[in-house]
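Structure first, then comments.
The values are calculated or read from the model by the stated rules, or taken from the named source; none is laboratory data. All values reported here derive from a predicted model rather than from experimental measurement. When we count neighbours, we look across all protein chains shown, and the Cβ atoms used for this are built from the backbone with ideal geometry, even at glycine. What goes into the accessible areas is simple: the full protein's heavy atoms, side chains included, and nothing from ligands, DNA or RNA. Shrake-Rupley method; radii C 1.70, N 1.55, O 1.52, S 1.80 Å.
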Amino acid sequence: MPESLKPPKPPQLSRTVESRVAIRKHPVHPMLVVFPIAFLMVVAPLDLLHLWSGLAFWAQMAMVLSAAGLALGLVAAAVGTVDLLLIPVVRRHVSAWSHALAAVMLLAIAAANTWLRWEDPVAAVWPWGLLLSSVMALLVGVAGWLGGGLSFHHGIGVAGHPGTEDRGPDAPPEA
Ligand code: HEM
């Protein structure tokens with residue numbers, strides 16, 4: 001078997017920290033974030049589509065997705081907060097706090113964006129709606145990037161491999 005296809009040996013495996021909110025070791029937070037990410041990311045393109053086509057439908061769609069992204073984002077944030085509060089090693093990562101801060105800013109802007117559009121989704125698009133959606137798209141990228149760093153760089157929410165040393169969920173981060 002070629003070397004690249006062989007399973008990694010224990011010393012090459014990164015150490016991991018399991019999530020406290022998981023279904024059979026599958027962390028729930030990453031399952032929940034996909035919809036708010038997709039919904040909040042697409043609001044700015046829908047605004048542009050509305051401005052380009054003049055069709056009210058796209059502006060109404062932008063309002064619905066902003067509200068749905070906010071609601072589902074709040075659920076995801078609640079679950080993420082449980083991991084942040086219950087796993088001490090997570091709290092010692094600066095990127096965990098940066099991620100939480102970016103996520104809270106994202107949800108605050110999603111709330112402002114939804115509120116702005118509630119009465120008249122069409123009139124709200126230009127200029128403030130588009131401005132808020134653009135900031136929202138940027139923050140989705142920042143929060144998602146930092147969240148991905150927690151999972152893929154620091155192994156948070158990743159179930160331990162039998163070959164790794166079991167340091168427990170409260171072990172300090174590696175140097
Ligand atoms: C205060 C709110 C939040 C906190 C405290 C938080 C905390 C965390 C934690 C601890 C992780 C590591 C994985 C885990 O423990 O399950 C994580 C991963 C992640 N979070 Fe959050 N989170 C929050 C809100 C959000 C929101 C609103 C989004 C997106 C809309 C988001 C996107 C992500 C992503 C993309 C990952 C990486 C998941 C993966 O693919 O493995 N988070 N977050």
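Quick notes
- Yes/no for Leu146 being modelled with pLDDT of 90 or more, near the ligand (Cβ under 9 Å from one of its atoms) and under 19 Å from the mean Cα position of the chain (by Cα): yes
- Filter result for the condition that a residue is open to solvent by less than 40 Å² (accessible area, probe 1.4 Å) and aliphatic (A, V, I, L, M), over Val122, Val104, Val140, Val135: Val140
Yes/no per residue for (1) within 12 Å of the ligand (Cβ to nearest atom); (2) in contact with a Phe, Trp or Tyr (Cβ under 9 Å, 6 or more places away or on another chain); (3) open to solvent by less than 50 Å² (accessible area, probe 1.4 Å):
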{"site": "Lys25", "(1), (2), (3)": "yes, no, no"}
{"site": "Val28", "(1), (2), (3)": "yes, no, yes"}
{"site": "Pro36", "(1), (2), (3)": "yes, no, yes"}
{"site": "Met63", "(1), (2), (3)": "no, yes, yes"}
{"site": "Leu84", "(1), (2), (3)": "yes, yes, yes"}
{"site": "Arg91", "(1), (2), (3)": "yes, yes, no"}
{"site": "Val94", "(1), (2), (3)": "no, no, no"}
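- Within region 106-153, restricting attention to residues that are free of Cβ contacts under 8 Å to residues at least 12 places away in the same chain and of a type in the set (A, V, I, L, M, F, W, C), the residue that is farthest from Gly80 (Cα to Cα) is Ala123.
- Every listed requirement among (1) within 10 Å of the ligand (Cβ to nearest atom); (2) open to solvent by 20 Å² or more (accessible area, probe 1.4 Å); (3) of a type in the set (Gly, Ala, Ser); (4) in contact with a helix residue (DSSP H, G or I) (Cβ under 7 Å, 6 or more places away or on another chain) is met by Ala68 save one, (1).
- Subset of region 38-61 [open to solvent by 80 Å² or more (accessible area, probe 1.4 Å) and within 18 Å of Trp145 (Cβ to Cβ)]: Met41
- Some residue of region 90-106 being hydroxyl-bearing (Ser, Thr, Tyr) and closer than 17 Å to Gly148 by Cβ: yes
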